[in-house]
Amino acid sequence: MIEETRVLLRHAEDPKMATISGYESYGGYETLKKALKEIDPEWIVGELEESGLRGRGGAGFSMGKKVSFLPHTDDAKYLCCNADESEPGAFKDRELMQRNPHQLIEGMIISSFAAGIGHAFIFIRGEYDDQADVLDRAVEEAYGAGYLGKNILGSGFDLELVVHRGAGAYICGEETALLDALEGKRGNPRLKPPFPAVQGLYGGPTLINNVETLSNVSHIVANGADWFKGFGTEQSPGTKVVSVSGCVKRPGNYEVELGVTLRDLIFGLAGGPLDGREIKAFYPGGSSSPVLTPAELDLPYSFEAMAEAGSMLGSGSIIVADDSVSIPRMAKRTSKFYRHESCGKCTPCREGTSWTDKMLERVVNGEATPMDLDIIASVQNNIMGNCLCVLGDAMAMPVSSMVKKFRDEFEEAIASEASAAWSASVMESAGAQSGRYVPDSQQPGPGGESPEVIRRKRLAGREIPSAMNGGGY
Amino acid sequence: MTPVMPSDFDPENAAPEDFVSPGLPVDEANTTGRVPLGDPEKIPDPADVEIPEDLREQIQAIVDKYPDRDHKGSPKSAAIPVLWIIQRRYGWCTPEGIVQAACVMQVTPAYLESVATFYDLLRTSPQGEHQVLVCTNLACWMRGGDELLDAFCEKTGADREAAGHGGALSADGQVLVSGFECLGACDLAPMASVDERYFGPLENADAETIVDQLEAGEEVLPEKALEKRGLAGGVAESSDPRVTEGKGPNR
Ligand SMILES: Cc1cc2nc3c(=O)[nH]c(=O)nc-3n(C[C@H](O)[C@H](O)[C@H](O)COP(=O)(O)O)c2cc1C
Ligand code: SF4
Ligand code: FES
C-alpha cells in the first residue's frame, strides 16, 4: 500500500499553518533568517540549479537555470508567481496556497534575495477569491513581521510583494500573457524571444514560476540539493502534489515522490474507479496532455516516462474517465474549453479550436461523415507548432490522441443510424459513389471537387445552427 | 477594397441593421453598447466627473501599489483590480463606474472597457445580487455537472441555453447562473462557486437548497463548503526519515 511523502503538505491539515505564528511554530521563516544573514545569494542559485528542481507549472524547465538566466545588472527585476491554475484538472496550487501560504511567501522572498529582485507578485486567478484573501492576510502578516518591505531583518534587502487577482481567463496562465495582464492589459501572449528572463514585466528581467515550484525553494535552501535529489527519479527529483479527479473514489491532492506508478496514484491513493466501473482512459497531466489507456498504468509518474509514452506530466493533474464516458464527447468538452479560451491572436489557434469544436459537435450529434475524422486530424497537425503560444497545441495534442487511440468509438458515433443516412445523402449530392470517404485525388465527382467544395455543398443544404453563426460564445 | 457606402448614408441616424448589407445577420454586440465619449475618445477631465471621495482614495491606493506608478504616461497595472473595485461597488462594471475609474487612473474609458470585456468574471451588464458558477468542464461533466446546471436553471428560471453560453439571470433578476470552465476544484466534482465560495460535491437537489438559502440570506450549505474539507489523504504523519529529520519549514 503506497503512502504519501508529504514535504510541502506536511502538517497542512493543521489550520494553524495558514497563520504566521503557526507556520513559525513548525520552523517557518528560519531558513529566510539564516539566508539573509549568512548565505551567499550565488550559493542559493547554485543549489537550486544543482537540485534539478523542475517547474511545476507545465513545462518542467529547471528553476535554477531560469534564475541564472537573469542578468546580473542593477536593472529593476521582477518575480511573478504564477497562481493562475486554470488548466482543467489542476487544483494543487489552490491547496498549497490555502493551507500553507507562508511556505510560498518564504520561497518567494528567498528566490528574490538570490536573484536580486525588488518587486514580487502573486498572480492568482480571480475565481480563487477565498485563497486570495488567505494570501492577502499572510502577506500583511509577513510585512508586519519585517519579512517584507524595506531593509528586511536589517539585511539591507528590500522587497515589495503584491497579490494580484486575475479575472477569469485561462490564457493568463501563459507566462507572457500573465505579464500583459499584470501590466493592466488584455491577456494576450507575446512573441518569444525576448524571453521574460531578459525582457519581461515593464520591460525588465522577470522570473516566472509556479506556486509549487516556489514552495519548494526554502526546503532546498534549508537541506541542500543532495537532500532534494534523494526524492524522485534522476531526471525528476523531488516530490509532487498530484491532483487526481474524474471517475475515482477519492479525488484529491496527493503528494508523492516523482516516479511512483500511475497505478499507485489512481488505485492506491485515489481509490480506483467507482464501483462496477473500469478505467477507459486518463489525462496524465491536465486536459492539455494526450490521453493514456489502462495498459499504461504501470508507468512511473515522472516527466521523462510521461514524455516517452507520448504524453506529458504537465501540471501533474490526472483526470480519469471510466467506461461510462464517451470519448468523442470527452474530446468535444476538451475542444469547447480551448475554443472558449483562445485569445484569438493567431489564426491557426483561433480558427483551429473553433472548427475542431464544430466538427466534434457534428460527430457527437451524428451529423459527421468518416472523412471528418481525417479533417479533424489534419486540422490538429496544422495547429501544432504554428502559434504564438501553446494553447492551440494544448487542444491539438489531446484531441489527436483521442481520435488516434479511440478511432473505433468515433467511427461508431459516425456510423449511427442518423449519421449514416446523413452521410449517404451528402455523398450522393457531392457526386461520390459510396458512403465511404474517397481521398480528394480520387474524387469521382464532376471536376473532382475538393473536400472543401463538398463541405460547402453540405452546408448549403442545411440550416446553419446559430452557434456557428457568429461564435455562439 | 474599401466598402462602398451609399452617398446619402448618415451614420448618426442609421439603424443598427443599416450598417450591414441586407440579408446578413446582425451581430448585436457590434451595434449596441455604450456610446463613446468622443472620437478619438479622451481621458475624462476630473472637472467633469463626479467621483465619491472614498472610491477615489480606494482606486488611488491600488494604483500606488504597483511599481509602474513611477513610469511615464498613465500607469495601467491597476486596471484589473480597479475594475474589481467598480464591480464590487456597483454590482457590475457600469459605464459610469468605468468613467470614474478611468478618470482617476487617467486612461480612456474605452481602454478599461477593452480590458473588462476580455475577462469572464468582469461583467459589463447587470449580473444580479448573487452569482452561481457551475463547472461543466471535464471532471465535473463526468460526475454530473451538466445536470447540476439544469437543476439551477430550473430552480431559478434562468434560460438554460444562455446559462451555458456566458450566463443568464434568474426570472427575478437576482441570481446569475452560469456554466463555467474548470474552477480548479475538480476534487469537489460536480461543484459550483456561489458568491465566490466553492461548494461540492453537489447533488442536483442541492441547487434548490442553495437558491433558497441565498434568497433567505442564510449561510449556504456549510457541510459542503471547500473551506471545511480536510486533505484527501486525511491526517497522515510521515515516518520517512528524509522528511522527519529534514530542516526548514513544516518540521
Ligand atoms: C495556455 C497556457 C496556460 C498556462 N497556465 C499555467 C498556469 O495556470 N499555472 C502555471 O503555473 N503555469 C501555466 N502555464 C505555464 C507557464 O507559461 C510557465 O511555463 C510557468 O508558469 C513557469 O513556471 P514553472 O517553471 O515554475 O513551471 C501555462 C502555459 C500555457 C501555454
Ligand atoms: S496560440 Fe491561441 S491563445 Fe496562444 S496567442 Fe495564439 S491565439 Fe492566443
Ligand atoms: S472540472 Fe470542475 S472544477 Fe475542474
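The values are calculated or read from the model by the stated rules, or taken from the named source; none is laboratory data. Keep in mind it's a predicted model, so treat the numbers as computed, not measured. Ideal geometry is used to build each Cβ from the backbone, glycine not excepted, and the neighbour counts take in all protein chains shown. We work out accessible area using only protein heavy atoms, side chains counted, and drop any ligands, DNA or RNA first. Shrake-Rupley method; radii C 1.70, N 1.55, O 1.52, S 1.80 Å.
Taking every DSSP beta bridge with both residues inside the protein assembly as shown, roughly what % is antiparallel (nearest 5)? Before the final figure, lay out the partial values.
Values: 24 of 51 bridges.
Percentage antiparallel, nearest 5: 45.
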- Task: Mind checking region A:112-165 for trypsin sites (Lys or Arg not before Pro) that DSSP puts in a loop (not H, G, I, E or B) and that have at most 13 other Cβ atoms within 10 Å?
- Result: A:Lys150
- Treat each spin label as a single point 7 Å out from the Cα along the C-beta direction, and report the B:Arg197 to A:Asn365 distance in nm. 4.1 nm
- For A:Ser416 and A:Asp133, calculate 0.36 nm times their separation in residues minus their Cα-Cα distance, and state this gained length in nm to one decimal. 96.8 nm
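Please identify every one of the GluC sites (Glu not before Pro) in region A:183-255 that sits in a loop by DSSP and has no more than 14 other beta carbons within 10 Å of its own beta carbon.
Taking region A:183-255 and a limit of 14 other Cβ atoms within 10 Å, the loop GluC sites (Glu not before Pro) found are A:Glu234.
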- For helix A:41-51, what angle does its Cα long axis make with the longest principal axis of chain A, in degrees from 0 to 90 and rounded to 10? 40 degrees
- Task: With springs only between Cα atoms under 10 Å apart, run a GNM on chain B and tell me which of B:Glu218, B:Glu154, B:Glu96 wobbles the most.
- Result: B:Glu218
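What number comes out for accessible area per residue over the protein assembly as shown if the probe is 1.4 Å? Units Å², please.
Details: 29360 Å² over 724 residues.
Accessible surface, normalised per residue, equals 41 Å².
Report the relative contact order of region B:42-155, percent, no decimals, based on alpha-carbon pairs under 8 angstrom and at least 6 residues apart.
Working: 116 pairs, mean separation 28.8, N = 114.
About 25 percent, as a whole number.
Rounded, prolate or oblate for the protein assembly as shown? Axes are the square roots of the Cα gyration tensor eigenvalues, ordered a ≥ b ≥ c, and the cut-off for rounded is a/c under 1.5. Spell out each step's value before the answer.
Numbers: a/c = 1.66, a/b = 1.22, b/c = 1.36.
In terms of gyration-tensor shape, oblate.
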- With springs only between Cα atoms under 10 Å apart, run a GNM on chain B and tell me which of B:Thr136, B:Thr117, B:Thr94 wobbles the most. B:Thr117
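Any chance you could run the full-extension gain for A:Ser62 through A:Met1? It's 0.36 nm times the residue separation minus the Cα-Cα distance, nm to one decimal. If you can, show how the numbers build up before the last one.
Details: separation 61, 0.36 × 61 = 21.96 nm, distance 3.15 nm.
Here the segment from A:Ser62 to A:Met1 would lengthen by 18.8 nm.
To the nearest 20 Debye, how big is the dipole of region A:239-322 about its Cα centre, given +1 on the beta carbon of each Lys and Arg and -1 on that of each Asp and Glu?
Charge dipole, region A:239-322, about its Cα centre: 260 debye, nearest 20.
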- Query: Going toward the positive end of the dipole of chain B, with +1 on Lys and Arg Cβ and -1 on Asp and Glu Cβ, which of B:Asn13, B:Gln131, B:Gly200 do you reach last?
  - Reply: B:Gly200
- Message: Using a Förster radius of 30 Å, what is the FRET efficiency between B:Asp48 and B:Gln174 based on their Cβ-Cβ separation? Nearest 0.05, please.
- Response: 0.30
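Compute, for chain A, the length of the dipole vector about the Cα centre, with Cβ point charges of +1 (Lys, Arg) and -1 (Asp, Glu) only. Units Debye, rounded to 20.
Here the size comes out at about 1020 debye.
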- Item | Filter on A:Lys66/B:Lys224; A:Lys66/B:Lys65; A:Lys229/B:Lys228; A:Lys65/A:Lys280; A:Lys229/B:Lys224; A:Lys185/A:Lys332 - keep pairs with C-alpha separation over 32 Å | A:Lys66/B:Lys224; A:Lys229/B:Lys228; A:Lys65/A:Lys280; A:Lys229/B:Lys224
- Sorting A:Pro88, A:Tyr23, A:Gly126 by the position of each Cα along the dipole of region A:15-229 (Lys, Arg +1; Asp, Glu -1; all at Cβ), the one nearest the positive end of that ordering is A:Pro88
- chain B: angle of helix B:145-156 to the longest principal axis, Cα-based, in degrees nearest 10: 60 degrees
- Message: As an exercise, use a Förster radius of 45 Å and the Cβ-Cβ distance of B:Asp212 and A:Arg407 to find the FRET efficiency, rounded to the nearest 0.05.
- Response: 0.40
- Item | Of all DSSP beta bridges in region B:130-244, antiparallel share, percent nearest 5 | 60 percent
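So what's the back-of-envelope 222 nm ellipticity for chain B, counting only DSSP H runs of four-plus at -39500 (n - 2.57) apiece and dividing by all residues, rounded to 500? It would help to have the intermediate numbers written out before the result.
On the way: 10 runs with 86 residues, N = 251.
That comes out to -9500 deg cm²/dmol.
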- Item | Dipole of the protein assembly as shown [Lys/Arg +1, Asp/Glu -1 at C-beta], most positive-end residue of B:Val107, A:Gly392, A:Ile171 | A:Gly392
- Take the solvent-accessible surface of the protein heavy atoms, probe 1.4 Å, and return the percent of it on chain B that carbon and sulfur atoms account for. 50 percent
- If you place +1 on the Cβ of every Lys and Arg and -1 on the Cβ of every Asp and Glu, how big does the dipole about the Cα centre of region A:15-229 come out, in debye to the nearest 20? 240 debye
- Ranked packing of B:207-216, A:312-321, B:41-50, most packed first, by mean Cβ within 10 Å: A:312-321, B:207-216, B:41-50
- Query: When Cβ neighbours within 10 Å are restricted to other protein chains, what is their mean count per residue of peptide B:184-197?
  - Reply: 5
- Task: Identify which of B:Pro241, B:Pro95, B:Pro81 has the largest mean-square fluctuation in a Gaussian network model of chain B, with springs joining Cα atoms closer than 10 Å.
- Result: B:Pro241
- Task: Counting other Cβ atoms within 10 Å, keep those with at most 16, restrict to DSSP loop, and tell me which trypsin sites (Lys or Arg not before Pro) in region B:56-136 are left.
- Result: B:Lys72
- Query: Check A:Val162: other-chain or 5+ apart residues with amide H under 5 Å from its amide H, H built from backbone geometry?
  - Reply: A:Ala120, A:Phe121, A:Ile122
